[in-house]
Amino acid sequence: MSVLVFDLDGTLVSSMEDLVATLNVVMTSAGHSAIPQDNVANMVGLGAKVLIQRGLEFNGISWTDETVAPLYVHFLEHYAANIAVHTKPFDGVVAALENFRKDGWKLAVCTNKAERLTHPLLATLDLARHFDAVSRRYVFRGQAACRTRAWCHPPGGWRNRRFHHDRRQRHRHRCRP
């Protein structure tokens, strides 16, 4: 069986505008300046907490885990409520997924986006039907390893599968077309 695994943000969907909008709601509600999209484009790729940390640094603010925690909660709440205001699949993605399916490929998503956000986003954009598995990527500091948990929804119900795979080089994925 052949499987194609796709990253989500910046690969299948253009989500930059919603990420920028959410970051700026969080920043401005905390009394900081909004950040231009071009600057945010260089901050994304390692999850919402890192995005918030970089947003604070952009504003010249020193941060601690304690100062980031409430902003992170606010970010997740706002983003969940506004997950697909501007986010949409890139042109040609749906047709490509349908063609891969017709050719017999199994399809999966592997993303660093939290599952509680990934599944609603895929459903809202009517993309969930294309995928056999959706995985959450975990990168451990100091190790060249990626642990992925795939939550598969077969006809019989949910089950958990674990996959391990060596990462020779850590990379930053930028959420841009």
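The values are calculated or read from the model by the stated rules, or taken from the named source; none is laboratory data. Values in this document were obtained by computation on a predicted structure and should not be read as measured data. As a convention, Cβ positions derive from the backbone with ideal geometry for all residues, glycine included, and neighbour counts pool all protein chains shown.
For Val26, state whether it is buried (at least 19 other Cβ atoms within 10 Å of the Cβ) and either assigned to a helix (DSSP H, G or I) or in contact with a strand residue (DSSP E or B) (Cβ under 7 Å, 6 or more places away or on another chain) (or both). For Val26, the condition - buried (at least 19 other Cβ atoms within 10 Å of the Cβ) and either assigned to a helix (DSSP H, G or I) or in contact with a strand residue (DSSP E or B) (Cβ under 7 Å, 6 or more places away or on another chain) (or both) - is met.
The set of residues from region 62-109 being assigned to a helix (DSSP H, G or I), hydroxyl-bearing (Ser, Thr, Tyr) and under 18 Å from the mean Cα position of the chain (by Cα) comprises Tyr72, Tyr79.
Condition (residue is at pLDDT below 85 and surrounded by 14 or more Cβ atoms within 10 Å (Cβ to Cβ)) applied to region 115-130: is it met by at least one residue? Within region 115-130, not a single residue is at pLDDT below 85 and surrounded by 14 or more Cβ atoms within 10 Å (Cβ to Cβ). If the condition is being aromatic (Phe, Trp, Tyr), within 23 Å of Asp7 (Cα to Cα) and crowded, with 16+ Cβ neighbours inside 10 Å, then region 37-90 contributes Tyr72, Phe75, Tyr79.
The residues of region 13-44 that are of a type in the set (Ser, Thr, Tyr), farther than 22 Å from Val109 by Cα and touching a residue at least 24 places away in the same chain (Cβ under 8 Å), listed by number, are Thr22, Ser29, Ser33.
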